[in-house]
Amino acid sequence: MQSPSQPSKPASSTLEVPAVSLVPRHVAVIMDGNGRWATARHLPRMAGHERGVAALRKIVQACGEQGVEALTVFAFSSENWRRPEEEVSFLMGLFLMALEREVKALKEAQVQLRVVGDLSAFSQKLRKAIDRAVSQTADNKGLVLSVAVNYGGRWDLLSAVQQLMTDHPELAQSPASITEDKLRPYLCLSDLPEPDLFIRTGGEQRVSNFMLWQLAYTELYFTDTLWPDFDEQALALAFDSYRTRERRFGRTSAQLTSKPVAC
Ligand code: FPP
């Protein structure tokens, strides 16, 4: 149960049993397979990333129509710097272009854009474009679209601990008093429900340092479909799979059938 004093605080899946809905409230996506999509067509990998943006546009719209509250996508991991310089700089340019080009449509669709990750590594131009797009959509009341760039789940956890200890140095004297409730507000996207559904396209079955804390009780869905081919129908299949899942949050099946939590 949520504390009455904090009615809007999202449930922690480890401290309480969150309400479950038929449509996932929060969907997290690893958009994998752009490079292979392009290579299969004898195109440069960059063409795959361009098609990846188009696929994302469609999925944002579909999620909004389905009543999803939050969509978080992994656009560039803290490990993606290991890619060839040419591809890294192409991705940065694409991100900049997408921010400038898509903001009008995001505003019209009432999508609130957020960008999470260590932005200190980016150029001033890119950081300014991020600030502009985020502030222009900040009052939108529809889907919350979070784009994770130069993001890593371990980075998120480490930054949260560092910030907590900076704000509350007295906790070092009593480490046992460092609780989930104290740490959670410092994590990225802590004002959103934890993801109900994680989707990874492109055939790999791993989490790749994405939302390590937040995925604690998320349902995982893997598909061989490459990200540029992931469309509304593919999303519907993922949602169908999600609806078949028994979300026990540590309880037994028998407990679920005697006291349903689905709403
Ligand atoms: C993974 O495919 C994809 C990425 C590392 C980049 C994802 C970026 C986009 C979908 C477009 C940019 C997004 C925004 C928000 C502007 P991969 O390159 O690893 O593909 P592969 O596994 O087939 O090589």
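A few points about this structure:
- Bins of 10 Å from zero: percent of alpha-carbon pairs in region 1-115: 11, 35, 29, 18, 6, 1
- Dipole orientation for the chain: of the candidates Thr244, Gly67, Ile30, Gly67 has the Cα lying most toward the positive pole (charges on Cβ; Lys, Arg +1; Asp, Glu -1).
- The separation of region 64-130 from region 174-244, counted between C-alpha centres, amounts to 18 Å.
- Straight-distance crosslink candidates among lysines, where the alpha carbon sits under 26 Å from Lys104 and sequence neighbours closer than 8 are dropped: Lys58, Lys125, Lys128, Lys141
- Region 113-249: relative contact order as a whole-number percent, Cα under 8 Å and 6+ apart: 21
- Packing, as the average of other Cβ atoms within 10 Å across residues, places the peptides 120-131, 152-163 in the order 152-163, 120-131, highest first.
- Å² per residue, accessible surface of the chain at 1.4 Å: 52
- Peptide packing for 171-180, 103-112, 17-26 was compared via the average number of neighbouring C-beta atoms within 10 Å per residue; ordered from the highest value, the list is 17-26, 103-112, 171-180.
- Positive-end residue, region 105-202 charge dipole about Cα centroid, Cβ charges, pick of His168, Ala138, Trp155: Ala138
- Looking at region 164-236, the trypsin sites (Lys or Arg not before Pro) that sit in a DSSP loop and have at most 13 other Cβ atoms within 10 Å of their own Cβ are Arg206.
- The protection proxy used here, the mean number of other Cβ atoms lying within 10 Å of each residue, ranks peptides 74-83, 43-52 as follows, highest first: 43-52, 74-83.
- For region 199-251, the Stokes-Einstein estimate of translational diffusion at 4 °C and a viscosity of 1.567 mPa s comes to 106 µm²/s, using the Kirkwood hydrodynamic radius over alpha-carbon pairs.
- Axial C-alpha extent at least 27 Å, average Kyte-Doolittle at least -1.0 - helices from the chain (DSSP): 45-66, 85-108
- The charge dipole of the chain, taken about its Cα centre with unit charges on the Cβ atoms of Lys, Arg (+1), Asp and Glu (-1) only, comes to about 160 debye.
- For the chain, the equivalent ellipsoid derived from the alpha-carbon gyration tensor has semi-axes of 30, 24, 18 Å in decreasing order.
- Counting protein heavy atoms only, the chain has 54 percent of its accessible area on carbon and sulfur, 1.4 angstrom probe.
- Overall dimensions of region 123-263 as given by Cα atoms, namely Rg and Dmax in Å: 18.8, 56
- Relative pair counts by distance (%), Cα atoms of region 11-59, 10 Å bins: 22, 32, 18, 19, 8, 0
The values are calculated or read from the model by the stated rules, or taken from the named source; none is laboratory data. Computed from a predicted model, the values in this text were never measured in an experiment. FYI the Cβ positions are ideal-geometry reconstructions off the backbone, even for glycines, and counts take in every protein chain you see. For accessibility, only protein heavy atoms count, side chains too; no ligands or nucleic acids. Shrake-Rupley method; radii C 1.70, N 1.55, O 1.52, S 1.80 Å.
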